[in-house]
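Chemist: Before I ask anything, here is the structure I am working with.
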Amino acid sequence: MEIFDILSAAKRAIEEKGYLDLFYRKMIWECFGDMNYDTTDYNGVKYIIDGYHLDSENITPGLIKRVHLAKLCVEKVLPVWESKTNGDTRPKKVLNMTSLYLEGGTSVEALYKEHTKLFNFAYRLADNSSSALYPEVALVSCSVAFMALVDEPIISNRVNKYDTDDDLEPDTSDAAYRACWIYAHDTYDEQYDKEREVEFWNWYVDEAVPTVLKEKYYYGQ
C-alpha cells in the first residue's frame, strides 16, 4: 500500500472513529523505511543498555523520519510545559539534542545521559504535581530521544496489528498518542475535549506526516 493511500484511509478512520488507530500509524512508520536491528530477541534489538542495543550505526533514513514525526508531535504540546514552568527549556533541550544526535553531532552516551536526567526529573515531578499534564510533556520528550536510540519498538516483531495503544508498555508507547492525550486535555480544567483529539489527528495526517515526507534525511547531514 502506498503512503498516500494509507493517509487517505487514515483520514477516513478519523472521520468514522474520531481518532487514528495504532494500525494506521504503524503502516505510516513502516513506509518511512526499515529498522536496522537484529530482531531475534524479545526487545527486537540486542542488549547493552537497559535491555537495548544503543549504537549510532543503527541510524537509518527510516528511523530519522520516524523520530522527526514524533518530535513534531511533542513540539506541538511544548507550550503546555512552558506555560506551567516559566519557560523551562529542559524538554526542548533534549529534543534539540536528539536532532543533533541524528545529524552525527553528539554521541549515544551523551544523548542517553540527557534523556535519563530529564526522565528522572519528570518522573519525580509527576509524583508530586497535582497535574499529570505538563510532566507528561517532559516524559514524552524523553520517549523521542529514546526512539532515536532504539527506533520505534512498536514496529518490531513482538507487537502485531491487533494491539491498541492501551495494550502497550511505556517503553513501546507512541509519542503521537501521548502528545494527543496532552493536546486533548489542554483545556481550562484539564478535562478531555474530543474535538481537540480529532483536531490533533487531522493535523497529524494533513500536516505532520507530509512535512516528514517532503524532506530528505541522512545521518551526519
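Chemist: In nm, what is the difference between 0.36 nm times the number of residues separating residue 126 and residue 106 and their Cα-Cα distance?
Modeler: Taking residue 126 through residue 106 to full extension adds about 4.3 nm, to one decimal.
Chemist: While we're on this one: What length, rounded to one decimal in nm, is gained on full extension from residue 164 through to residue 99, with 0.36 nm per residue of separation minus their alpha-carbon distance?
Modeler: Gain on extension, residue 164 to residue 99, equals 20.6 nm.
Chemist: Okay, next question. Take 89, 60 and order them by how many other Cβ atoms sit within 10 Å, fewest up front.
Modeler: 89, 60
Chemist: Show me the trypsin sites (Lys or Arg not before Pro) within the stretch 63-118 that DSSP assigns to loop and that have at most 10 other Cβ atoms within 10 Å of their Cβ.
Modeler: none
Rule-based calculations on the coordinates, nothing more; no lab input. Source: prediction; values computed, not measured. As a convention, Cβ positions derive from the backbone with ideal geometry for all residues, glycine included, and neighbour counts pool all protein chains shown.
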